[in-house]
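The values are calculated or read from the model by the stated rules, or taken from the named source; none is laboratory data. Please read these numbers as outputs of a predicted model, since none were measured by experiment. Methodologically, a virtual Cβ is constructed for each residue, glycine included, from the backbone with ideal geometry; neighbour enumeration extends over all protein chains shown.
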Amino acid sequence: MSIILIVSVSIRALAAIWSVAVMVRLRDRRILFLTAMLVLMATRQALTLAAKISSDANLSLDFAANPDEIPGLVVTLMAFLLVLNLEGMIKGRRQVVATAQRSPGIPILPPLGIGLASILGIVTVSLVAYLISQNAIRRIVADDNLALGQTVCNVALQEEGSEGSLARSAALARIRHTWSQTSLPYAGSHLSVIGPAGTVELDTGHPDWQGKDVGNMPTSPGSDETLLELLHTQGSWSGRTFDPSGSPQLAGYHYEPAIKSLVSVRTPLKMVDDGFRTAVAPWIAGIALIGGLLLPLSLGLLFHSSRQAHTEAISSLTALQESEEKFRVLTERNPAIVLITRNNEIVYGNSMLSTITGYTASELIGLQISVLLHPEHRKLLADIQEQEPAKPHDEEMMIITKAGEHRWLEMSSQWIDFEGEPAMLVTCLDLTRRKQAEQQLRQKESQLAHVSRLSAMGEMVAGIAHEINQPLSAIANFAIASKNELKQTNCELEQPVDSWLDKINEQALACGEIILRLRNFAIKGDGIRQSTDLNQVIRDSLALLNNEIRHGSITIHLQLPDSETVVHGNPTEFQQVVVNLLRNACEAVKQEDSPEIKIHVQQHADSVQLTIEDNGPGIEEARQQHIFDAFFTTKSHGMGMGLAISKSLIEAYDGTLRHEAGGRGGAIFHVELPIGKPKSPMP
């Protein structure tokens with residue numbers, strides 16, 4: 001009967017008694033299973049102990065005599081610790097219910113985990129200590145065997161007059177005799193002599209090994225060095241090795257020059273380990289058992305002493321968590337922006353603030369509020385902070401997001417106490433869409449008024465064109481009549497009146513065509529499409545703008561192909577586009593010291609490209625994407641319709657009108673038209 005059995009029965013009996021007392025006192029069914037398990041384990045161990053006593057078994061203090069009892073003892077300790085923690089949890093919960101406070105109780109898993117980890121830690125440390133000590137003993141035994149072999153050889157071969165004069169058989173006999181007279185420190189040790197050829201010439205423990213070739217055996221497991229190599233290097237070695245039968249041994253090899261052989265003393269590893277286990281294992285097992293008992297019990301006592309403090313703390317913590325949860329629900333799920341600033345720094349911001357501004361939550365904390373505000377509204381914030389703290393303020397301000405976008409916010413601010421210091425609570429609503437809708441509404445109202453005026457003007461143009469067309473026809477007819485009269489009278493004149501009359505007729509007819517085009521445009525009439533020479537359209541347009549070009553001292557660089565560049569369309573519409581582009585260019589260069597306009601026509605395989613370039617100031621990059629929008633203009637008195645109409649006319653012929661910035665800072669417009677008939681129907 002071992003001492004471990006008595007200790008196991010005692011601990012299980014105490015654990016069972018304690019568990020029954022707890023169950024009776026608390027009357028909680030959750031402890032019933034654990035209590036029943038402890039009672040059954042204690043009863044079984046008590047019956048085992050009674051059987052041992054009745055058999056008159058002797059009491060043994062060897063802890064390793066009944067190692068099968070250790071797992072059951074560990075289970076008992078864990079169940080006992082679980083009962084202690086359940087008792088504390090149930091008591092704490094009942095105290096909370098009695099005081100009408102909400103408390104989740106004391107968690108059982110952390111102390112249970114700590115107890116289990118502690119037991120495993122103690123067992124692990126004990127096992128590691130055991131293994132380290134075992135390896136140390138093995139090393140000592142191997143070194144002792146090496147020293148013992150050297151001592152036996154010295155005694156046997158270094159007698160007076162024997163060195164170098166003994167035959168090999170006599171030397172081996174003396175070694176055997178000296179070994180037989182030696183007191184062995186470790187039972188089972190034997191001496192071997194390995195000859196120069198690697199064969200066993202002497203073995204005191206296994207005579208049948210004599211003559212066996214062991215030269216290729218490694219000196220140790222996993223080593224590449226063989227016994228024959230150790231023999232040739234005339235070295236020594238000690239450690240764990242194998243005997244010729246493959247059994248683990250602790251050996252010490254040394255080269256003996258008198259017989260030119262390896263001499264080794266071997267001790268079976270099993271005998272060393274058994275002796276070590278018998279001597280040391282009870283102490284290590286005792287340390288592990290005592291530690292495994294005391295540490296869980298100490299944790300249980302510590303748990304009981306801190307139970308009341310935990311119950312009180314959990315009540316306060318629960319109230320704080322409920323308050324924080326309400327605040328989180330009100331702020332994080334709020335569609336409005338909520339932030340708190342202190343000393344002009346953001347100390348709190350909800351998720352909506354990150355969504356609107358583009359900054360992450362970590363970037364917002366500590367950020368100066370002035371960084372978000374538009375520069376025009378930073379002074380307004382300073383004025384609010386200087387006013388009466390108790391008075392709330394409502395203002396509309398513009399912020400700048402991380403991406404550089406401008407957004408309008410309606411801000412309501414109120415001074416509060418935050419973490420013991422004065423701070424400003426700010427709630428904001430995003431007004432950006434409303435502001436954009438208001439701006440778009442104002443623009444549409446302005447455009448609607450403009451369209452109304454243009455509609456009225458169109459009706460007026462239709463009437464005026466009809467009225468002016470008749471005087472122009474009369475002018476053309478009178479010019480022709482005057483020319484005919486001059487021819488009939490054969491009057492000799494000093495000036496070319498004939499050519500002047502021809503010019504009057506041509507200009508009157510051209511003016512009539514333009515007025516007719518205005519009338520057709522005003523009444524949305526269909527245009528006539530025909531083959532048109534683009535070169536001639538450009539020359540006619542320059543003739544119409546000759547007055548503006550001459551008064552502006554504008555240099556025209558004209559590059560036209562030698563052959564006709566024929567496109568299909570209404571020549572008056574083409575002329576309207578060219579005139580619009582040339583007039584814009586004239587307006588752009590009129591303030592330049594050396595105004596220049598380049599006109600270049602290039603004919604490709606299936607298209608004709610017209611390029612008009614000026615050396616004016618150009619168009620700002622921010623406005624370039626809007627220059628073809630209706631009612632958009634950069635002129636102080638412009639209507640914003642010229643480029644829009646020109647683009648629509650060119651696209652009606654399957655062409656393109658585009659703009660690019662000039663290399664000298666001016667503007668370049670490219671008109672590209674197909675050579676054949678356009679696929680688009682007539683507008």
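A few notes on this one:
- Breaking point among (1) out of contact with any Lys or Arg (no Cβ under 6 Å at 6 or more places or on another chain); (2) over 22 Å from L228 (Cβ atoms); (3) modelled with pLDDT of 85 or more, for I194: (2)
- If you check L262, L191 for being more than 59 Å from the chain's Cα centre (by Cα), buried (at least 18 other Cβ atoms within 10 Å of the Cβ) and either more than 28 Å from S133 (Cβ to Cβ) or of a type in the set (S, T, Y) (or both), only one passes: L262.
Residues are listed down the side, and each one gets a yes or a no for (1) surrounded by fewer than 19 Cβ atoms within 10 Å (Cβ to Cβ); (2) assigned by TED's automatic domain parsing to the domain that holds Q603; (3) among the basic types (K, R); (4) part of a strand (DSSP E or B):
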position: E548; (1), (2), (3), (4): yes, yes, no, no
position: H557; (1), (2), (3), (4): yes, yes, no, yes
position: P561; (1), (2), (3), (4): yes, yes, no, no
position: F574; (1), (2), (3), (4): no, yes, no, no
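- Residue list for the range 182-203, filter: among the polar types (S, T, N, Q) and more than 22 Å from G275 (Cα to Cα): S192, T199
- Residues located in the range 394-429, provided they are β-branched (V, I, T) and either buried (at least 19 other Cβ atoms within 10 Å of the Cβ) or under 12 Å from I340 (Cα atoms) (or both): I399, I416, V426, T427
- Condition check for L202: crowded, with 18+ Cβ neighbours inside 10 Å and either of a type in the set (D, E) or out of contact with any helix residue (DSSP H, G or I) (no Cβ under 6 Å at 6 or more places or on another chain) (or both): no
- Residue match in the range 244-260 (condition: touching a strand residue (DSSP E or B) at 6+ places or on another chain (Cβ under 8 Å) and on the phi > 0 side of the Ramachandran plot): no
- Residue satisfying condition, being in a helix (DSSP H, G or I) and either at positive phi or at pLDDT 75 or above (or both), within set A456, A449, A476: A476
- Of the candidates R333, R378, R328, the single residue that is out of contact with any Leu (no Cβ under 9 Å at 6 or more places or on another chain), at pLDDT below 85, of a type in the set (K, R) and surrounded by fewer than 11 Cβ atoms within 10 Å (Cβ to Cβ) is R333.
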